[in-house]
Amino acid sequence: MSHRPLGRTDLSVSDICLGTMTWGQQNTEAEGHAQMDYALDQGVNFFDTAELYSIPPKAETQGSTERIIGSWFAARRNRDKVILASKTIGRSQMTWFRDPPQEGRLDKAQMTYALESSLKRLRTDYIDLYQLHWPERPAPWGSNPTRFNIDSFKPLPDENSIESQLEVLQGFVKAGKVRHIGLSNESAWGTMRFLFAAESKGLPRVQTVQNAYNLLNRTYDVAMAEVFLREQVGLLAYSPLAQGFLSGKYLGGARPAGARTTLFDRGQRYQTPGAEQAIADYVAVAARHGLDPSAMAVAFVTSRPFTTSNIIGATSLAQLKVCIEGSRAVTMTPELLADLDAVHQLRGNPCP
């Protein structure tokens, strides 16, 4: 397992990050513990979670993933072996995250409540990387919206400013409860505004952005890649398998028993016009090169020069082994990259 710098910090994280969002619904506590044991044995030192998880978000399961991680820390006594990332929700109409119930905002009271609740569930005194799960300001969900609407960017009168959010995060850092900060589902404009505010006002610097990146959505290649090159804000790539669609298991309308889209019918992000054809083409590339399509898709994301860590979530150890051990065996040859780029030129970025 190779390791890469986390932004401009002195931390070094594995190029594979263990995603955890299925623990508490699709996965039991015991299964979550087994995945963490396996990942740590494979050299994965970076775990990502959120107060939102498990997925799909529901009041009765909110925070369950952090609790499972917390019980694992308590049982294994190995908190020092893991670089831990978590997130607080952004602007949201979901009301069950706070007490008393209220719509989500990134203000001091709510952010403090979120952090203290996460620390309690995780059974730890600090979080290594604390991220804003999505923006406070209006912004299209996902980095590649399928329908452009300029109204979705219009400022709202009750927005909490980027500067005020950073000031709250600065308090967390000074208190020793957060080591570093990051963003998620963020744009190049938003990232640069956070960096400008930090530089001009002496506030904490954003180190990473967690955005979707996979063979069906390579929009990070454009503006955000330049942010990495010039500012060293790296990508934590989520959904490298496009919620499992790039494995090919959903082709032709198939719905395997126990699969996420079968259980929850939440795969619309990867069922957009053109997605099925693109997936079939990528699966065909894998077949021509004698590769497992899942291992190929993961290896591609990990190979990108701006990827700090590739977040792998699985519902079984077998899937996790394919993604970690299988992807290690994939060599991104010039011929393979050329074939993948050829599909990308033909099919583009069909999914948000």
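Contact order, relative form, for segment 3-347: 17 percent (alpha carbon pairs under 8 Å, 6 or more residues apart, mean separation divided by residue count).
How far is helix 64-76 tilted off the main Cα axis of the chain, in degrees rounded to 10, range 0 to 90? It is inclined by approximately 90 degrees. Straightening the chain between Leu156 and Gln345 buys 64.3 nm, computed as 0.36 nm per residue apart minus the Cα-Cα spacing.
Counting other Cβ atoms within 10 Å of each Cβ, which trypsin sites (Lys or Arg not before Pro) in segment 262-345 have at most 15 and sit in a DSSP loop? Within segment 262-345, the qualifying trypsin sites (Lys or Arg not before Pro) (loop, at most 15 other Cβ atoms within 10 Å) are Arg266. Packing around the peptides 219-230, 13-24, 253-264, 199-210, taken as the average count of other Cβ atoms within 10 Å per residue, puts them in this order, highest first: 13-24, 199-210, 219-230, 253-264. Take the Cα coordinates of the chain, assign each an equal point scatterer, and use the Debye formula without solvent to give log10 I(q)/I(0) at q = 0.08, 0.12, 0.14 Å⁻¹. For the chain at q = 0.08, 0.12, 0.14 Å⁻¹, log10 I(q)/I(0) is -0.36, -0.86, -1.21. Relative to the longest principal axis of the Cα atoms of the chain, helix 162-174 runs at roughly 80 degrees. Taking only Cα atoms, what is the 0 to 90° angle, nearest 10, from helix 29-41's long axis to the longest principal axis of the chain? Taking the Cα atoms of the chain, the angle to 29-41 is about 80 degrees. Restricting to Cα pairs below 8 Å that are 6+ residues apart, what does the relative contact order work out to for segment 171-269? Please round to a whole percent. That works out to 21 percent. For the chain, the dipole from Cβ point charges (+1 on Lys and Arg, -1 on Asp and Glu) about the Cα centre works out to 320 debye, to the nearest 20.
None of the figures in this text is laboratory data; all of them are computed from the coordinates on show. Bear in mind that the values here come from a model prediction, so they are computed numbers and not experimental data. Using ideal geometry, Cβ is built from the backbone for each residue, glycine included, and neighbour counts are taken over all protein chains shown.
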